[in-house]
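Chemist: Have a look at this one before I ask anything.
Coordinate-derived values only; no laboratory data. Remember, it's a predicted structure, so these values are computed and weren't measured experimentally. Heads up, the Cβs are rebuilt from the backbone with ideal geometry, glycines too, and the neighbour counts pull from every protein chain shown.
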Amino acid sequence: MIVLNLSCSNSHSFEGWFASLEEFQRQAVAQQVTCPHCNDVNITKLPAGSHVRRAVMEKSAVPASISDEAKVLAALEQLLNNSDNVGASFPEEARKIHYEETPARNIHGTASVAEVRSLLEEDIGVIPLPLRPRKGMH
């Protein structure tokens with residue numbers, strides 16, 4: 001998994017998580033990567049600062065990047081464990097909750113880029129999670 005610094009044609013900066021650089025490029029060409037601020041699909045990768053690893057490290061020392069990544073993954077796992085998996089019904093369920101047609105609860109599932117755009121246009125807050133599918137996920 002890699003984290004890339006991205007920018008849209010409106011100069012909004014944001015991060016994107018991808019399986020590889022090639023996967024980002026494939027998704028960008030297919031216009032599947034969108035700016036979370038304005039939904040622009042003209043996305044470019046920003047230059048990233050170099051990371052220098054020290055040659056000698058104490059056995060007990062864990063690099064901050066690994067520790068931080070583990071914390072993020074643990075938090076995402078906790079979010080998934082404390083929410084209902086509604087699968088492909090995610091857009092419909094999110095709308096029902098937003099418009100108070102069903103009791104509020106935490107949900108997760110799948111949605112296409114177009115469905116996410118539509119939800120955001122209705123001011124329904126959704127957050128794409130950068131996770132690999134796991135058993136029980138679509």
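Chemist: Only counting other Cβ atoms within 10 Å, I'd like Ile124, Ile2 sorted with the fewest neighbours first.
Modeler: Ile2, Ile124
Chemist: In Å, the Kirkwood hydrodynamic radius of region 64-121 over pairs of distinct alpha carbons?
Modeler: Its Kirkwood hydrodynamic radius stands at 12.8 Å.
Chemist: Now for a different question. Computed over the Cα atoms, what is the radius of gyration of region 2-45 divided by 2.2 N^0.38 Å, N being its residue count?
Modeler: 1.00
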